[in-house]
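A.B. asks: Below is a structure I'd like to ask you about.
The values are calculated or read from the model by the stated rules, or taken from the named source; none is laboratory data. What you are looking at is a predicted structure, and each value in this text was computed from that prediction instead of being measured. As a convention, Cβ positions derive from the backbone with ideal geometry for all residues, glycine included, and neighbour counts pool all protein chains shown. Only protein heavy atoms, including side chains, enter the accessible area calculation; ligands, DNA and RNA are left aside. Shrake-Rupley method; radii C 1.70, N 1.55, O 1.52, S 1.80 Å.
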Amino acid sequence: MADPETPANQGPVTISSSSAERAPIIYFDGASCFGHHNGAIQIELAANLLMPVGAAVRVDVVQTAHLRCSVAAALALREALDKALAMYQQGQKQPMAEEIPAVKN
């Protein structure tokens, strides 16, 4: 969720609202590896798959995305992640809504 006090479009760039429906959703459990090449930041995103094996479960790790961006874009992503984490932490500090009392028979 974007910070409501910060405009989404900073500078001369306007993001088309029609592109939002077509953008993929990328889920990941972690970054499996990272590096850089020819000035581009490279990050491989991975997710865990739970695979049944008889009565047990095996965890397979699969790549979900190959993230490539400029240094400026990586810094903007880091800033967005830092702000999103700060928002999350702020929400954790707020008191819980009134709890429903337990009923005892």
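A.B. asks: Given Glu44, Glu99, which one is modelled with pLDDT of 95 or more and either of a type in the set (D, E, K, R) or touching a strand residue (DSSP E or B) at 6+ places or on another chain (Cβ under 8 Å) (or both)?
C.D. replies: None of the others qualify; the one that does is Glu44.
A.B. asks: Looking only at segment 55-93, how many residues end up being open to solvent by 80 Å² or more (accessible area, probe 1.4 Å) and outside any helix (DSSP H, G or I)?
C.D. replies: 8
A.B. asks: Could I ask something else about it? What is the number of the single condition among (1) hydroxyl-bearing (Ser, Thr, Tyr); (2) part of a strand (DSSP E or B); (3) open to solvent by 90 Å² or more (accessible area, probe 1.4 Å) that Ser32 does not meet?
C.D. replies: Result: Ser32 fails condition (3) only.
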